[in-house]
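Chemist: Here it is: the structure, laid out below.
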Amino acid sequence: MKTNVKILAIESSCDETAAAVVENGRKVLSNIISSQIAIHTIYGGVVPEIASRKHLENIDGVIRLAMQEAACEWKDIDAIAVTFGPGLVGALLVGVAEAKALAYALDKPLIGVDHMEGHIAANYISNVDWEPPFLCLVVSGGHTHLAVVEDYGVNRILGQTRDDAAGEAFDKVARAIGLGYPGGPKIQKAAEQGNPEAIHFPRPCLDEDGYDFSFSGLKSAVLNYLNQQEMKKEPIRQADVAASFQQAVVDVLTAKTMQAAKQYQIRKIAVAGGVSANAGLRKAMTEACQKRGFELSIPKLVLCTDNAAMIGSAAYTLYQKGQFADLSLNAVPNLTLGAKN
C-alpha cells in the first residue's frame, strides 16, 4: 500500500461547488469552495435548478484551482472521490459525472463518499490525533443524527430527526422573523443581541426515552408566538425570538448528546455538520464536556459547512479498504448514513 496517498475530492451536494486534495486522510493540500449563497439569497433559499447550473459552470475551474494550490499534477493523484449522496439530485449528478469522467480518463480508482460520513471525517482533519470510537452529533441543514462511530466508516445510529432537521428549522424560523437566508448565521448574529430566556419555547423530545429529535413542533411554536403577538398588536423583538429559539435547539442537542454519552459510557464526543458552526452550540457543548470530563472535537469553521476536504478524508478509509466504485456510480439523494455505493 502506498504511504502518501493523495485523493482529489469533489463535493456538489447542495449549493457549494468544492474540490480538495487530501493526503492520507488528514493533511489538506488544498480546499477550494465556490459558494452560491449570494444567488440563492435572492430567492430565500436554495433553488435546485439554479444550484445544478452553477455547479456545471464552476466545477472545472474549482478543480483546476485545487490542483494548482496543492501543487499537484494528475500523475500525483491516487484516486478520485466524490459525494454521491445525500443531497439535491441534480447537484449531486454534476459532481458524480465529473468524477467518473476524471477517473475513466486518468485510469484512477473512483470512490463514492456519503456526505454525512464526510462531515464526521472533518474531525480527523481538525484534530489529527482524533480516532474512533466516539459519539458524534451530526447536525446539518437536512440531517440530525446521533451516532456511535465504532470505527472509521462504521456507525451505529442511536437517533435521528423525525421531521425537520436542526438546520432546516433555523432556516424556516429565520425566514419567519424576517432575517432571510441563510438562516443559521443570521439567527446566530441576531441572537447575540437578544435574551435567550425572553420567550420559553418547548424543548422537543427531552422528556422521552431514546435519542430521536424533532424540531417541527419548535418551529410551529415560534410561528404561533409570532401570530399571537401580531393579533395582540404587541411588539416582536426579533433578537429575543432568535436567541430564545436558538437556545431551545442548543439545549435539546446538548442534553441528548450528554445523555447518550452517559448511557453508553463514551468519553469522547464529536460534533459535525453545518450547524456545528453555531457559536451557541459550540459553547454549550464545550461547557457540558468540560463539566463531565469528556474529550470534545469540533471541526474548524471552514470544515463545518460543506467542503471537499472532508470528502477526501472520508474517502481515505475507503481507499485503504479497497472499496472502490465503478462507472455505474449514481447519485443517491436520499442516501442514509452507513449505506454503501
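The values are calculated or read from the model by the stated rules, or taken from the named source; none is laboratory data. Keep in mind that this is a model prediction, so the values were computed, not measured. Cβ placement follows ideal geometry from the backbone for every residue including glycine, while neighbour counts extend to all protein chains displayed.
Chemist: Being outside the structural domain of Ile10 (by TED's automatic domain parsing), part of a helix (DSSP H, G or I), surrounded by 15 or more Cβ atoms within 10 Å (Cβ to Cβ) and of a type in the set (Gly, Ala, Ser) is true for just one of Ala270, Ala331, Ala243. Which residue is that? Walk me through it before giving the result.
Modeler: Values: Ala270 fails: part of a helix (DSSP H, G or I); Ala331 fails: part of a helix (DSSP H, G or I).
Only one candidate passes the filter, namely Ala243.
Chemist: Please enumerate the residues belonging to the stretch 125-169 that are part of a loop (DSSP other than H, G, I, E, B), farther than 25 Å from Asp251 by Cα and touching a helix residue (DSSP H, G or I) at 6+ places or on another chain (Cβ under 9 Å).
Modeler: Trp130, Glu131, Tyr152, Gly153
Chemist: It is to be established whether one or more residues within the stretch 70-84 are assigned to a strand (DSSP E or B), touching a Pro at 6+ places or on another chain (Cβ under 8 Å) and not assigned by TED's automatic domain parsing to the domain that holds Gly184. Break it down into steps so the answer makes sense when it comes.
Modeler: Step one: filter the stretch 70-84 for residues assigned to a strand (DSSP E or B), giving 79-84.
Filter once more, so that each one left must be touching a Pro at 6+ places or on another chain (Cβ under 8 Å): 79-80.
Right, trim to not assigned by TED's automatic domain parsing to the domain that holds Gly184 and you get 79-80.
There is at least one residue in the stretch 70-84 that is assigned to a strand (DSSP E or B), touching a Pro at 6+ places or on another chain (Cβ under 8 Å) and not assigned by TED's automatic domain parsing to the domain that holds Gly184.
Chemist: I'd like to know if the stretch 217-227 contains one or more residues that are in the same structural domain as Ala174 (by TED's automatic domain parsing) and not in a helix (DSSP H, G or I). Outline the logic, then answer.
Modeler: Step one: list which residues in the stretch 217-227 are in the same structural domain as Ala174 (by TED's automatic domain parsing), which gives 217-227.
Those still in the list that are not in a helix (DSSP H, G or I) too: none.
Looking for residues that are in the same structural domain as Ala174 (by TED's automatic domain parsing) and not in a helix (DSSP H, G or I), one finds none in the stretch 217-227, hence no.
Listed here are the residues, each with its yes/no results for (1) assigned by TED's automatic domain parsing to the domain that holds Gly61; (2) surrounded by 24 or more Cβ atoms within 10 Å (Cβ to Cβ); (3) within 22 Å of Ala260 (Cα to Cα).
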| residue | (1), (2), (3) |
| --- | --- |
| Ala99 | yes, yes, no |
| Lys108 | yes, no, no |
| Gly112 | yes, yes, no |
| Ser126 | no, no, no |
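Chemist: Is it the case that some residue within the stretch 85-93 is part of a strand (DSSP E or B), surrounded by fewer than 24 Cβ atoms within 10 Å (Cβ to Cβ), of a type outside the set (Val, Ile, Thr) and without any contact (Cβ under 8 Å) to a residue 40 or more places away in the chain?
Modeler: First pass over the stretch 85-93, keeping only residues part of a strand (DSSP E or B): 85.
Add one more test, that the residue is surrounded by fewer than 24 Cβ atoms within 10 Å (Cβ to Cβ), and what stays is 85.
Applying the additional criterion that residues be of a type outside the set (Val, Ile, Thr) yields 85.
After this cut, where a residue has to be without any contact (Cβ under 8 Å) to a residue 40 or more places away in the chain as well, the list is none.
No, the stretch 85-93 contains no residue that is part of a strand (DSSP E or B), surrounded by fewer than 24 Cβ atoms within 10 Å (Cβ to Cβ), of a type outside the set (Val, Ile, Thr) and without any contact (Cβ under 8 Å) to a residue 40 or more places away in the chain.
Chemist: Moving on to the next point. Tell me, yes or no, whether the stretch 142-152 has at least one residue that is at pLDDT 95 or above, charged (D, E, K, R) and out of contact with any Lys or Arg (no Cβ under 7 Å at 6 or more places or on another chain).
Modeler: yes
Chemist: Can you go through Val154, Val173, Val149 and tell me which one is outside the structural domain of Asn24 (by TED's automatic domain parsing), surrounded by 24 or more Cβ atoms within 10 Å (Cβ to Cβ) and over 30 Å from Asn224 (Cβ atoms)? Show your work before the answer.
Modeler: Numbers: Val154 fails: surrounded by 24 or more Cβ atoms within 10 Å (Cβ to Cβ); Val173 fails: over 30 Å from Asn224 (Cβ atoms).
Unique residue meeting the criteria: Val149.
Chemist: Which condition number in (1) among the small types (Gly, Ala, Ser); (2) free of Cβ contacts under 8 Å to residues at least 60 places away in the same chain; (3) more than 30 Å from Lys186 (Cβ to Cβ) is the one that Ala51 fails?
Modeler: (3)
Chemist: With Lys321, Lys232, Lys291, Lys262 as the choices, which residue is surrounded by fewer than 14 Cβ atoms within 10 Å (Cβ to Cβ) and under 30 Å from Ala105 (Cβ atoms)? Can you show your working first?
Modeler: Details: Lys232 fails: under 30 Å from Ala105 (Cβ atoms); Lys291 fails: under 30 Å from Ala105 (Cβ atoms); Lys262 fails: under 30 Å from Ala105 (Cβ atoms).
Going through Lys321, Lys232, Lys291, Lys262 in turn, the sole match is Lys321.
Chemist: How about the stretch 159-209: which of its residues are under 29 Å from Leu135 (Cα atoms), more than 20 Å from the chain's Cα centre (by Cα) and of a type in the set (Lys, Arg)?
Modeler: Selection gives Arg203 alone.
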